[in-house]
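The values are calculated or read from the model by the stated rules, or taken from the named source; none is laboratory data. These numbers come from a predicted model, not from an experiment. For neighbour counting, all protein chains shown are included, and Cβ atoms are generated from backbone atoms with ideal geometry for every residue, glycine included.
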Amino acid sequence: MTAARRPLPAICLPLALAGCASPQSALSPAGRDAEQVATLFWVMLAGAIVVWLLMMGVALYAVIRGGREHAERRAKLYIVGGGIVFPVVVLTVLLVFGLRLLPGLLDLGPDPPIAVVSGEQWWWRVTYTHEGREIAAANELRLPLGRRSAVAVVSPDVIHALWVPALGGKVDAIPGRTNHLAFEPTREGTYRGLCAEYCGLSHALMNLDVVVTSPEEHARWLEAEAAPAKPPADDITRRGAEAFASHGCGACHAIRGTAAAGTLGPDLTHVGGRTRVGGVLPNTVDGFRDWLDHPEHHKPGVHMPSFHMLPTAELDALARYLDGLQ
Ligand code: CUA
């Protein structure tokens, strides 16, 4: 068969199925809650297919029968049975099946929330508590495998919504309110989360990576995350640290272990160890340089100013310093 005559489904189906296995797919669950949501989807889909086939059968019957009338008793049976009893039974079964899943999804687990996830225009502030101290990170949530971990979800500005399709349900981040969402990861890996409530210009770029590791690895990571930033090790990163201080970056950003203590933007203590720069660019020296040069280009409306006016060498030193903050 030539490519031109190949049926469309043969081309589209592999593409569609490849989409199902992505790190952002509710149909490729990597968490207990997402498994239940996926089961609900498949049961609903099966129910919809059965009802659709039945309706097609009835339509076919009507066409075959032509315009011939039924006896009144038989016609009433069709109307009451097909129009009232059948939908009530089908919808009740599906509703009860769906409601039975709710208590499991609302269970927040035995421990206090593992982190506070704050939706802010247009990034996620993720704050852990370690030995009584608050450790802030950004655009990345770390979870231990196999444990039920809840997060507290808040917002200081507008309504956002946290959704990690491969791991679980979805909850709104509402100013003045604290909501909760639990995850119980069943597979290690990095999954994509997003903001699921329109919140302004860069809503579609408000992503976060959820990194699931073994509980031991998670504890090691938290320990390292709680440590202050490494001082710059060579001349170029030292120049970068000086540029960071002299250009007032510390007014918005904190780097624990230095004088920078701003809280408006993301804490940068270990920014070099995160999965992405600004939540959108690869975490490399080039990524940092690109972001500092024109953040507006990568995230329209972002509150971070451009540092395009800096000499290239200074921008490069700044990028290398930030990349080194692992
Ligand atoms: Cu935040 Cu949409």
Among (1) free of Cβ contacts under 8 Å to residues at least 60 places away in the same chain; (2) over 24 Å from Ser118 (Cα atoms) - the single one Thr237 does not satisfy: (1)
Within the stretch 128-179, considering residues that are surrounded by fewer than 17 Cβ atoms within 10 Å (Cβ to Cβ) and of a type in the set (Ser, Thr, Tyr), the one nearest to the ligand (Cβ to nearest atom): Thr178
Unmet criterion (only one of (1) over 21 Å from Gly279 (Cα atoms); (2) surrounded by fewer than 18 Cβ atoms within 10 Å (Cβ to Cβ); (3) in contact with a Phe, Trp or Tyr (Cβ under 9 Å, 6 or more places away or on another chain); (4) not β-branched (Val, Ile, Thr)) for Pro231: (3)
Filtered residues of the stretch 114-135 (kept if farther than 17 Å from Ala161 by Cβ and either assigned to a loop (DSSP other than H, G, I, E, B) or over 20 Å from the mean Cα position of the chain (by Cα) (or both)): Ile114, Thr129, His130, Glu131, Gly132, Arg133, Glu134, Ile135
The listed residue being among the basic types (Lys, Arg), assigned to a helix (DSSP H, G or I) and surrounded by fewer than 10 Cβ atoms within 10 Å (Cβ to Cβ), out of Arg68, Arg73: Arg73
In the stretch 184-221, residue farthest from Glu296 (Cα to Cα) [restricted to those that are more than 10 Å from the ligand (Cβ to nearest atom) and of a type in the set (D, E, K, R)]: Glu216
Condition check for Gly104: modelled with pLDDT under 90, closer than 30 Å to Arg187 by Cβ and in a helix (DSSP H, G or I): yes
Residue among Ala224, Ala243, Ala166 that is under 29 Å from Pro300 (Cβ atoms), of a type in the set (A, V, I, L, M) and outside any loop (DSSP other than H, G, I, E, B): Ala243
Residue list for the stretch 1-47, restricted to those being surrounded by 12 or more Cβ atoms within 10 Å (Cβ to Cβ), out of contact with any helix residue (DSSP H, G or I) (no Cβ under 9 Å at 6 or more places or on another chain) and modelled with pLDDT of 90 or more: Ala30, Gly31, Ala34, Glu35, Ala38, Phe41
